[in-house]
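Participant: Here it is, the structure, as structure tokens.
Every read-out reported here was derived from the displayed coordinates using simple, explicitly stated rules and does not represent laboratory data. Note that the structure is predicted; figures quoted are calculated from it, not measured. We place every Cβ from the backbone using ideal geometry, glycine too, and count neighbours over all the protein chains shown.
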Amino acid sequence: MAHDTNKPLQLTLSVAEINQILEALGRQPYARVFQLIGRIQQQAAAQISASETTAPAGPAHS
């Protein structure tokens, strides 16, 4: 039975783990990995931005 290799998957990884993956990809030929790196960075930035806007505000200072 063949698997759909284009089916999106969701993974839960720490920022440190994502950085490790990006570091490893950075050692590969640019033409082979630049789109993948871009997708990872785009998705990570969206999640970080969303978590910053939904995070509770710290104590107000006068």
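Participant: What does the charge dipole of the chain about its Cα centre add up to, to the nearest 20 debye, if the Cβ of each Lys and Arg holds +1 and the Cβ of each Asp and Glu holds -1?
Facilitator: Here the size comes out at about 200 debye.
Participant: Across 5 Å bins from 0, what is the distribution of all Cα-Cα pair distances for the chain, in whole percents?
Facilitator: For the chain, the pair-distance distribution reads 3, 13, 18, 19, 17, 11, 8, 5, 3, 2, 1, 0, 0.
Participant: If I fit a long axis through the Cα atoms of helix 15-25 and take the longest principal axis of the Cα atoms of the chain, what angle between them do I get, 0 to 90°, rounded to 10?
Facilitator: Between helix and principal axis, roughly 30 degrees.
Participant: For helix 30-54, what angle does its Cα long axis make with the longest principal axis of the chain, in degrees from 0 to 90 and rounded to 10?
Facilitator: 20
Participant: Now, a different point. Can you tally the net charge around ILE40? Count Lys and Arg as +1, Asp and Glu as -1, for every other residue whose Cβ sits under 12 Å from the Cβ of ILE40.
Facilitator: Spelling it out: positives minus negatives among the neighbours equals -1.
Participant: Using a Gaussian network model of the chain with C-alpha springs under 10 Å, which one of LEU25, LEU11, LEU36 is most mobile by mean-square fluctuation?
Facilitator: Looking only at LEU25, LEU11, LEU36, the biggest GNM fluctuation is shown by LEU11.
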